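The values are calculated or read from the model by the stated rules, or taken from the named source; none is laboratory data. This structure is a prediction, so every number in the text was calculated from the model and none was measured. We place every Cβ from the backbone using ideal geometry, glycine too, and count neighbours over all the protein chains shown.
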């Protein structure tokens, strides 16, 4: 073999070695599959059994305040799953995953019978055995008429290339930002959020369709109180420190009475800092 041939062989071997060392970027396809299996199980067996089966032991639901999902569901009666009652159906249309492949989310429309419509948001965590279970589930009643039907392709949030030193560091960084938002929101909710929104930030409020871009945000913010006193209650972070989810309460006065709602947020660390990938505000239930 001449020198040129040897060099070409060496280059090929090096390329094979490097390609074998590369780790495939995580995708949220497994989370979407888990969500679809969860939805199918929920339709077949009902909310109680399916929500218990697919939730982590420390999972959070809103009833209307945040509570442990297992404690709440175990205390609830079994549901009547007759067609006349109306089964719960839902399907994912948007999803994402952390760079470390251990934390993600899905969101999309839901329906109960013919009358109730809305949008859900679910945080998913990979379990020690490798399966996915949800850690937080929330939703708002809202116009879902413009959403794609069941079985439609899912859009994905691109994983971040940024990292924090640890999950704890990520939580501290986001906690400092949420403290700033809480202080600013007492003087105006929309202006408090604006510094942390990107073009793809998604916002949900009860009533209007989800805001999937900047043009639709005015209607979503108009459906929220103008001034809110926020207080953090919990959340978690990915191992890579690139995704953080939080939830908390929001208090305001309306018609001389104090009202309490709740928020859910998903933060992604990007080149321009921590940005809100998703935010949902849950108002108190109607009387």
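Can you pull out every residue in the stretch 63-101 that is modelled with pLDDT of 90 or more, assigned to a loop (DSSP other than H, G, I, E, B) and more than 17 Å from residue 52 (Cβ to Cβ)? Of everything in the stretch 63-101, those that are modelled with pLDDT of 90 or more, assigned to a loop (DSSP other than H, G, I, E, B) and more than 17 Å from residue 52 (Cβ to Cβ) turn out to be 64, 65, 91, 92, 93, 98, 99, 100, 101.
Each row is one residue, and each column tells you yes or no for (1) outside any loop (DSSP other than H, G, I, E, B); (2) over 25 Å from residue 227 (Cα atoms).
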| residue | (1), (2) |
| --- | --- |
| 134 | yes, yes |
| 140 | yes, no |
| 160 | no, yes |
| 174 | yes, no |
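For the stretch 24-50, taking the residues that are assigned to a loop (DSSP other than H, G, I, E, B) and over 16 Å from the mean Cα position of the chain (by Cα), the one that is surrounded by the fewest Cβ atoms within 10 Å (Cβ to Cβ) is identified as 24.
Is there a residue being farther than 18 Å from residue 233 by Cα and in contact (Cβ under 8 Å) with a residue 24 or more places away in the chain anywhere in the stretch 172-185? For the stretch 172-185, residues farther than 18 Å from residue 233 by Cα and in contact (Cβ under 8 Å) with a residue 24 or more places away in the chain: absent.
Within the option set 227, 193, being in contact (Cβ under 8 Å) with a residue 60 or more places away in the chain and either assigned by TED's automatic domain parsing to the domain that holds residue 104 or surrounded by 14 or more Cβ atoms within 10 Å (Cβ to Cβ) (or both) holds for one residue only, 193.
Give the number of residues within the stretch 234-250 that are assigned to a strand (DSSP E or B), surrounded by 14 or more Cβ atoms within 10 Å (Cβ to Cβ) and out of contact with any helix residue (DSSP H, G or I) (no Cβ under 6 Å at 6 or more places or on another chain).
To start, the set of residues in the stretch 234-250 that are assigned to a strand (DSSP E or B) comprises 234-237, 243-250.
Cutting the leftovers down to surrounded by 14 or more Cβ atoms within 10 Å (Cβ to Cβ) gives us 235-237, 243-250.
Keeping just the survivors that are out of contact with any helix residue (DSSP H, G or I) (no Cβ under 6 Å at 6 or more places or on another chain) gives 235-236, 243, 245-250.
Selection size over the stretch 234-250: 9.
Quick one: would you say residue 258 is surrounded by fewer than 17 Cβ atoms within 10 Å (Cβ to Cβ), in contact with a strand residue (DSSP E or B) (Cβ under 9 Å, 6 or more places away or on another chain), without any contact (Cβ under 8 Å) to a residue 40 or more places away in the chain and farther than 29 Å from residue 145 by Cα? Taking the combined requirement at face value, the residue satisfies it.
When residue 131 is tested against (1) exposed (fewer than 13 other Cβ atoms within 10 Å of the Cβ); (2) touching a helix residue (DSSP H, G or I) at 6+ places or on another chain (Cβ under 8 Å); (3) within 17 Å of residue 212 (Cα to Cα), exactly one condition is not met: (3). For residue 144, the criteria (1) in a loop (DSSP other than H, G, I, E, B); (2) assigned by TED's automatic domain parsing to the domain that holds residue 33; (3) under 26 Å from residue 65 (Cβ atoms); (4) at pLDDT 95 or above hold in every case but one, which is (4).
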